[in-house]
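Data block below; observations after.
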Amino acid sequence: MSGLNEMTGRETGRYRFPARLAPFMTSLLLSIFMCAFVSLIATVKSEGVGPGLLGAWMSAWLVSWLLAFPVVLIVMPIVRRIVRAICHPI
């Protein structure tokens with residue numbers, strides 16, 4: 001029964017993804033936040049702060065995220081290997 005609780009998150013009242021999805025979820029969240037931040041800065045720099053900023057930012061974010069997410073999925077394992085090679089283990 002504890003296996004079911006671990007899968008569903010019943011003891012905490014919320015769903016938690018299985019640990020095997022951690023690399024995918026890391027890539028997903030990293031790409032969302034990084035694209036949001038970078039596209040906001042680029043949009044403000046090119047468009048300025050004004051009434052059309054939110055729409056321009058969301059459009060820029062969507063295009064950049066659609067490209068960034070697959071790139072992060074591909075590059076993240078390579079980056080992890082490089083980091084393991086240049087850092088002492090914990």
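Under 7 Å between Cβ atoms, which residue pairs at least 6 apart in sequence (or on different chains) link something in segment 39-51 that is closer than 17 Å to Leu67 by Cα with a partner that is surrounded by 10 or more Cβ atoms within 10 Å (Cβ to Cβ) and of a type in the set (S, T, N, Q)?
Here the result reads Ser39/Ser64, each pair linking segment 39-51 to a residue that is surrounded by 10 or more Cβ atoms within 10 Å (Cβ to Cβ) and of a type in the set (S, T, N, Q).
For Leu29, indicate whether it is under 17 Å from Arg80 (Cα atoms) and modelled with pLDDT of 90 or more.
On the way: under 17 Å from Arg80 (Cα atoms): yes; modelled with pLDDT of 90 or more: yes.
Spelling it out, Leu29 is indeed under 17 Å from Arg80 (Cα atoms) and modelled with pLDDT of 90 or more.
Could you pull out the residue among Ile32, Ile78, Ile41 that is under 19 Å from the mean Cα position of the chain (by Cα) and surrounded by 12 or more Cβ atoms within 10 Å (Cβ to Cβ)? Reasoning before the result, please.
Working: Ile78 fails: surrounded by 12 or more Cβ atoms within 10 Å (Cβ to Cβ); Ile41 fails: surrounded by 12 or more Cβ atoms within 10 Å (Cβ to Cβ).
From the options Ile32, Ile78, Ile41, the qualifying one is Ile32.
Could you run through segment 44-64 and say how many residues are under 27 Å from Val79 (Cβ atoms) and of a type in the set (Ser, Thr, Tyr)?
Summing the residues that are under 27 Å from Val79 (Cβ atoms) and of a type in the set (Ser, Thr, Tyr) in segment 44-64 gives 1.
Looking at this structure, is Gly9 surrounded by fewer than 14 Cβ atoms within 10 Å (Cβ to Cβ), touching a Phe, Trp or Tyr at 6+ places or on another chain (Cβ under 8 Å) and modelled with pLDDT under 90?
yes
The values are calculated or read from the model by the stated rules, or taken from the named source; none is laboratory data. The model shown is predicted, which means the values in this text are computed figures rather than measured ones. Cβ atoms come from the backbone with ideal geometry, glycine included; neighbour counts cover every protein chain shown.
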